[in-house]
Amino acid sequence: MKLPRRTFLHLAAGAAALPVLSRIAWAQAYPSRPVRIIVGFPPGGPGDIVTRLMGQWLSERLGQPFIVENRAGAAGNIGTEAVVRAPADGNAVNATLYDKLNFNFIRDIAPVAGVVRVPNVMEVNPSFPAKTAPEFIAYAKANPNKLNFGSGGNGTASHMQFELFKLMSGVSMVHVSYRGSAPALTDLLSGQIQLMFDPMPSSIGHIKAGKLRALAVTTATRSEVLPDLPTLRDFVPGYEASTWFGIVAPTNTPAEIIEKLNNAINAGLADPKIKSRLAEMGGMLLAGSPADFGKLIAEETDKWGQVIRTANIKPH
């Protein structure tokens with residue numbers, strides 16, 4: 001099982017057969033046509049928000065439209081498989097989870113660049129009785145399996161972070177799986193579900209407007225965007241989690257194209273306007289090389305694979 005907390009990019013066909021010099025020339029001319037960025041979740045969610053921001057930058061930087069295409073379902077795996085099956089030509093992007101897939105995520109994708117890491121927020125509807133994380137834990141323990149937790153889908157980052165919370169806090173709740181965090185957030189705002197661990201980009205506006213009550217952030221340290229909000233590990237010792245986004249391409253995409261995209265993305269992360277926008281979302285930048293991003297993917301896959309095995313989580 002692999003976690004869907006990233007956004008991936010598919011890049012041009014037949015590249016591996018080209019001589020080195022022509023491949024370099026081809027990479028210099030890339031992109032020569034529009035590029036699809038495939039997001040495995042519906043519009044309005046955190047991955048969609050971050051992807052559209054970077055897609056606009058890449059369009060301006062590289063001179064061709066980077067078109068965001070939402071392919072929701074199976075915790076991002078439908079979108080991921082679309083990228084894996086695409087020609088390795090530099091023209092699409094997505095994120096992943098399950099055991100029995102038609103692809104192997106680590107094997108079948110090429111890391112391009114990390115973009116940003118964001119805290120998730122433990123949050124409730126303002127009408128909910130608990131006003132702090134300890135109060136919520138006490139309420140949930142006093143009412144086992146009577147509260148609903150919503151996530152962006154089975155095996156998504158928000159789901160995994162909740163399962164880790166369950167393991168470490170001892171609460172028992174009902175998991176309600178949605179096709180993306182945006183519809184789950186809608187039900188939290190209306191009081192249909194009681195709790196979410198939503199990535200900060202999609203929740204920060206509702207929190208500041210008083211439409212949601214934030215109880216804690218999931219990261220090891222407080223967020224500069226919500227400095228008065230405690231960390232969950234203040235009450236659940238050792239707890240730490242976050243959601244990250246990045247771009248990958250199909251395996252065998254020419255290294256020259258990956259380098260060109262990596263350079264463009266890192267330039268975007270250094271741009272004051274993009275830095276400011278991501279900071280407003282609580283983001284911590286993940287600028288670095290493709291190898292750096294590949295290392296992060298491997299480490300996170302291992303960490304959350306352990307949670308999946310310990311909690312005996314099955315896709316459904």
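Readers should treat all values here as calculations from the given coordinates under stated rules, not as data from a laboratory. Since this is a predicted model, take the numbers as computed values, not measurements. Glycine gets a Cβ as well: all are built from the backbone with ideal geometry, and neighbour counts include every protein chain shown.
For this structure, a couple of remarks:
- Cβ-derived FRET efficiency at R0 35 Å, Asn252 paired with Asn148, nearest 0.05: 0.20
- Extension gain from Met168 to Thr186, taking 0.36 nm per residue of separation minus the Cα-Cα distance: 3.7 nm
- Gyration tensor verdict on the range 201-316 (Cα atoms; rounded if a/c is under 1.5, prolate if a/b is larger than b/c, oblate otherwise): oblate
- Extension gain for Thr301 to Asp234 (0.36 nm times residue separation, less C-alpha to C-alpha distance): 21.6 nm.
- Pair Ala291, Lys211: separation of 7 Å Cα→Cβ label points (nm): 4.5
- Built amide H within the under 5 Å cut-off of Val112, gap 5+: Ile247, Val248, Ala249
- With 0.36 nm allotted per residue and the present C-alpha distance subtracted, the Thr132-Ala311 stretch has 61.9 nm of extension available.
- When each of Lys141/Lys166; Lys146/Lys166; Lys131/Lys208; Lys131/Lys303; Lys211/Lys275 is checked by Cα-Cα distance, pairs over 20 Å: Lys131/Lys303; Lys211/Lys275
- Ranked by the mean number of other Cβ atoms within 10 Å of their residues, highest first, the peptides 192-198, 204-210 come out as 192-198, 204-210.
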